[in-house]
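Notes follow the structure.
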Amino acid sequence: MQRRALLKWLGTLPLTGTAVGYASRVLAAPAAPAKLLVVFLRGGYDAASLLVPFGSDFYYQSRPNIAIPKPSDAPGASLPLSSDWALHPALKDSIYPLFQARQAIFVPFAGTDDLTRSHFETQDTIELGQAQGRRDYRSGFMNRLAAVLGGTQRSMPISFTDQLPRIFQGSVDVPNVALRTIGKPGLDERQSKIIAAMYANQPLGRQVEEGFATRGEVMREMAGEMEAANRNAINTKGFEMEARRVASLMKDKYQIGFIDVGGWDTHVGQGASSGYLAGRLDELGRGLSTFAHAMGPDWRKTVVVVVSEFGRTFRENGNRGTDHGHGTVFWILGGAVSGGRIAGEQIDLRAETLFQNRDYPVLNEYRAILAGLFARMYGLSGQQLESVFPGVTPKALGLV
């Protein structure tokens with residue numbers, strides 16, 4: 001059997017048992033080490049607005065105000081990816097070209113077995129990457145991956161965060177570089193007072209004053225929750241501005257990177273094709289596109305994994321937003337990926353297929369997805385995968 005035929009045959013096998021043994025010998029890491037960047041969207045982004053299930057009538061029934069329109073030539077329409085799925089139009093000039101170039105994959109119905117719908121609990125679950133029911137806060141899965149890869153040539157890690165996150169806690173020393181940028185609100189308190197004063201002696205003066213007071217109260221309450229959910233993560237605008245700097249460090253020295261991006265807890269006024277969420281997706285997409293271009297030739301050996309702690313409710317709430325959910329959509333980007341497709345187990349979206357009649361179910365468990373990815377990227381053996389994700393059964397989705 002020729003080597004090319006053997007590799008093709010191995011790619012069809014599940015990464016369990018004997019297949020992992022063969023893969024660890026034949027699919028060894030390339031001479032030029034693979035580069036991995038994990039981007040964590042803290043706050044639980046609305047995956048059903050990113051990856052639009054336009055083939056589901058139930059989607060449009062469930063979201064009368066915030067659904068993204070079906071693909072068409074109309075302004076604000078979603079961008080077709082397959083016969084069932086489309087992409088948010090805010091990503092037309094950033095992520096959509098990567099998908100068309102087969103450098104982007106989306107994995108719907110992804111996530112954890114954690115059912116708490118707590119930002120902090122579920123973020124910890126993902127970052128620790130441990131077997132269900134275990135909580136050793138001294139050991140994050142990216143630190144364990146760096147430890148398994150061993151030598152500096154393959155595993156130099158860096159965290160682009162204010163403080164070292166749980167995902168990088170462990171035996172390997174990991175430097176962190178703060179990239180946090182504070183964004184300004186669209187209308188601050190001083191501007192609100194000026195507008196209210198303009199209407200003070202007008203018929204609508206009282207309504208305007210009460211409106212600003214109510215808005216301020218709601219925004220203070222929601223901002224407190226969002227800030228806590230963000231865990232000091234950089235905002236999307238900050239990420240867009242810093243993406244070139246991240247690429248420079250990843251190109252020159254580091255092989256494994258992590259960055260978290262906040263601002264995704266959209267309980268109120270989420271928007272649809274335009275609005276708050278669209279703005280965040282636009283900034284994130286442009287940041288990722290900038291990173292891809294700034295990596296230059298190294299993009300060919302780079303994999304970017306975009307995750308969030310959970311998705312959001314399938315139905316919109318009374319505030320034209322969405323609440324904490326369960327299943328989400330992972331993104332896999334890079335010059336090294338086998339992209340241009342929607343991967344993983346999927347189901348038709350109907351009321352009866354939702355988890356607890358409200359959320360995406362988790363059909364593609366995140367540790368299994370990442371274990372399968374790492375096995376292909378680094379040629380890890382079953383024993384090495386067990387060190388990174390204890391008790392996992394890898395899921396071979398052919399992501400790279």
Arg367 being basic (Lys, Arg) and buried (at least 22 other Cβ atoms within 10 Å of the Cβ): yes
Might you let me know whether the range 339-356 holds any residue that is surrounded by 24 or more Cβ atoms within 10 Å (Cβ to Cβ) and either under 19 Å from Arg117 (Cβ atoms) or modelled with pLDDT of 95 or more (or both)? no
The listed residue being hydrophobic (A, V, I, L, M, F, W, C), in contact with a helix residue (DSSP H, G or I) (Cβ under 6 Å, 6 or more places away or on another chain), closer than 23 Å to Gln100 by Cβ and not in a helix (DSSP H, G or I), out of Leu349, Leu399, Leu380: Leu399
Taking the range 288-346 and keeping residues of a type in the set (D, E, K, R) and at negative phi leaves Asp298, Arg300, Lys301, Glu309, Arg312, Arg315, Glu316, Asp323, Arg341, Glu345
Just give me the residues in the range 90-120 being free of Cβ contacts under 8 Å to residues at least 40 places away in the same chain, under 19 Å from Leu50 (Cα atoms) and part of a loop (DSSP other than H, G, I, E, B), in sequence order. Lys92
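State the number of residues belonging to the range 155-173 that are in contact with a strand residue (DSSP E or B) (Cβ under 9 Å, 6 or more places away or on another chain), part of a helix (DSSP H, G or I) and farther than 10 Å from Tyr254 by Cβ. Break it down into steps so the answer makes sense when it comes.
Taking the range 155-173 and keeping what is in contact with a strand residue (DSSP E or B) (Cβ under 9 Å, 6 or more places away or on another chain), we get 155-165, 167-168, 172-173.
Checking the rest, the ones that are also part of a helix (DSSP H, G or I) come to 155, 167-168.
Retained after the next criterion (residues that are farther than 10 Å from Tyr254 by Cβ): 167-168.
Here the count works out to 2.
Out of Gly318, Gly335, report the one residue that is touching a residue at least 60 places away in the same chain (Cβ under 8 Å), in the same structural domain as Gln130 (by TED's automatic domain parsing) and either surrounded by fewer than 21 Cβ atoms within 10 Å (Cβ to Cβ) or not in a strand (DSSP E or B) (or both).
Details: Gly318 fails: touching a residue at least 60 places away in the same chain (Cβ under 8 Å).
Criteria check complete, one pass: Gly335.
If only one of Phe330, Phe258, Phe310 is within 15 Å of the chain's Cα centre (by Cα), of a type in the set (Phe, Trp, Tyr) and under 16 Å from Leu98 (Cβ atoms), which one is it? Outline the logic, then answer.
Working: Phe258 fails: under 16 Å from Leu98 (Cβ atoms); Phe310 fails: under 16 Å from Leu98 (Cβ atoms).
Going through Phe330, Phe258, Phe310 in turn, just one is within 15 Å of the chain's Cα centre (by Cα), of a type in the set (Phe, Trp, Tyr) and under 16 Å from Leu98 (Cβ atoms): Phe330.
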Within the set of pairs 6 or more residues apart or between chains, which connect a residue that is on the phi < 0 side of the Ramachandran plot and in contact (Cβ under 8 Å) with a residue 60 or more places away in the chain inside the range 52-72 to a residue that is buried (at least 19 other Cβ atoms within 10 Å of the Cβ) and among the basic types (Lys, Arg) with Cβ atoms less than 9 Å apart? Ser62/Arg315; Arg63/Arg315
Restricting the range 41-59 to residues that are surrounded by fewer than 24 Cβ atoms within 10 Å (Cβ to Cβ) and hydroxyl-bearing (Ser, Thr, Tyr), the one farthest from Arg315 (Cα to Cα) turns out to be Ser56
Being out of contact with any Ser or Thr (no Cβ under 7 Å at 6 or more places or on another chain) and either of a type in the set (A, V, I, L, M, F, W, C) or over 18 Å from Leu128 (Cβ atoms) (or both) is the filter here, so list the residues in the range 385-400 that pass it. Leu385, Val388, Phe389, Val392, Lys395, Ala396, Leu397
Going by what's in this entry, would Phe291 be described as in contact (Cβ under 8 Å) with a residue 40 or more places away in the chain, in the same structural domain as Asp57 (by TED's automatic domain parsing) and not in a helix (DSSP H, G or I)? no
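Residues checked against (1) among the hydrophobic types (A, V, I, L, M, F, W, C); (2) in contact with a strand residue (DSSP E or B) (Cβ under 8 Å, 6 or more places away or on another chain); (3) in the same structural domain as Arg245 (by TED's automatic domain parsing); (4) modelled with pLDDT of 95 or more:
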site	(1), (2), (3), (4)
Ala29	yes, no, yes, no
Ala34	yes, yes, yes, no
Tyr45	no, yes, yes, yes
Ser78	no, yes, yes, yes
Pro108	no, yes, yes, yes
Thr112	no, yes, yes, yes
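Tally the residues that are of a type in the set (Phe, Trp, Tyr) and under 30 Å from Asp124 (Cβ atoms), restricting the search to the range 44-84.
Restricting attention to the range 44-84, the residues satisfying the condition of being of a type in the set (Phe, Trp, Tyr) are 45, 54, 58-60.
Keeping just the survivors that are under 30 Å from Asp124 (Cβ atoms) gives 45.
Qualifying residue count, the range 44-84: 1.
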Within the range 289-315, can you find the residues that are farther than 21 Å from Leu397 by Cα, of a type in the set (A, V, I, L, M) and buried (at least 20 other Cβ atoms within 10 Å of the Cβ)? Ala292, Met295
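The values are calculated or read from the model by the stated rules, or taken from the named source; none is laboratory data. Bear in mind the structure is a predicted one, so any value in this text is a computation, not a measurement. So basically every Cβ, Gly included, is an ideal-geometry build from the backbone, and we count neighbours across all protein chains shown.
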